[in-house]
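Novice: This is the structure, below, for whatever I ask next.
The values are calculated or read from the model by the stated rules, or taken from the named source; none is laboratory data. The shown structure was predicted, so the numbers you read here are calculated from the model rather than taken from an experiment. Every residue, glycine as well, gets a Cβ built from its backbone with ideal geometry; the counts of neighbours run over all protein chains shown.
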Amino acid sequence: MSNDNEVVLDKEKQNELKKMKLERKEGEPTSAFKGASWGALLVGVSAYLIGLFNSTMQLNEKGYYFAILIFGLYSAVSLQKAVRDKDEGIPVTGIYYGISWVALIVSISLMAIGLYNAGSLVLSEKGFYGMAFVLSLFAAITVQKNIRDSQRARERD
């Protein structure tokens, strides 16, 4: 009798798996992963911007850190796209690929140099800005990857 119950349970599990696969295309990220990625991006960028808004820095300093955030986000997404395109055999010019790497390295370097030389910031503030910056970059890359994976999964059908 227990074997019959096991068979019924196995069929139920198989039906659930089939239903899940129908809802989510092959290769598409899960909704939880997409939500976590968007959440991390929102938290990272929001925390960074709220910290800038509430800081006692001069307006030109705030502008510097804001510009670095935008530059870093753009360069990280651009590099992720160039690396993935190259990996998938989509043509990427060497100059674009190289500029993408240089832009990301420059944005991270500018952030590190700016925080190192920021005499008005205490160490905990420097760490806060550094961590919010890194979280934002990583999340932007992940969100872009999720969008591309979802588009590719839909194109296969």
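Novice: Are there any pairs, at least 6 apart or on different chains, whose C-beta atoms fall under 8 Å, with the first in region 79-100 and outside any helix (DSSP H, G or I) and the second not hydrophobic (A, V, I, L, M, F, W, C), and if so, which?
Specialist: Pro91/Asp85; Val92/Asp85; Val92/Lys86
Novice: Follow-up question, since we're still on this one. Somewhere in region 49-67, is a residue of a type in the set (S, T, N, Q), under 17 Å from the mean Cα position of the chain (by Cα), modelled with pLDDT of 90 or more and surrounded by 10 or more Cβ atoms within 10 Å (Cβ to Cβ)?
Specialist: Among the residues of region 49-67, not one is of a type in the set (S, T, N, Q), under 17 Å from the mean Cα position of the chain (by Cα), modelled with pLDDT of 90 or more and surrounded by 10 or more Cβ atoms within 10 Å (Cβ to Cβ), which makes the answer no.
Novice: Something else now. Test each condition in (1) surrounded by 12 or more Cβ atoms within 10 Å (Cβ to Cβ); (2) under 17 Å from Arg148 (Cβ atoms); (3) more than 21 Å from the chain's Cα centre (by Cα) for Lys81 and report the one that comes out false.
Specialist: (3)
Novice: Restricting to region 114-125, give me the number of residues that are under 18 Å from Ala67 (Cβ atoms) and either at pLDDT 95 or above or in a helix (DSSP H, G or I) (or both).
Specialist: 4
Novice: Based on this model, can you work out whether Ser124 counts as surrounded by fewer than 17 Cβ atoms within 10 Å (Cβ to Cβ), among the hydroxyl-bearing types (Ser, Thr, Tyr) and closer than 19 Å to Gly44 by Cβ?
Specialist: So Ser124 fits the description; yes.
Novice: When region 84-101 is examined, which residues are found to be under 22 Å from Thr142 (Cβ atoms), β-branched (Val, Ile, Thr) and surrounded by fewer than 15 Cβ atoms within 10 Å (Cβ to Cβ)?
Specialist: Ile90
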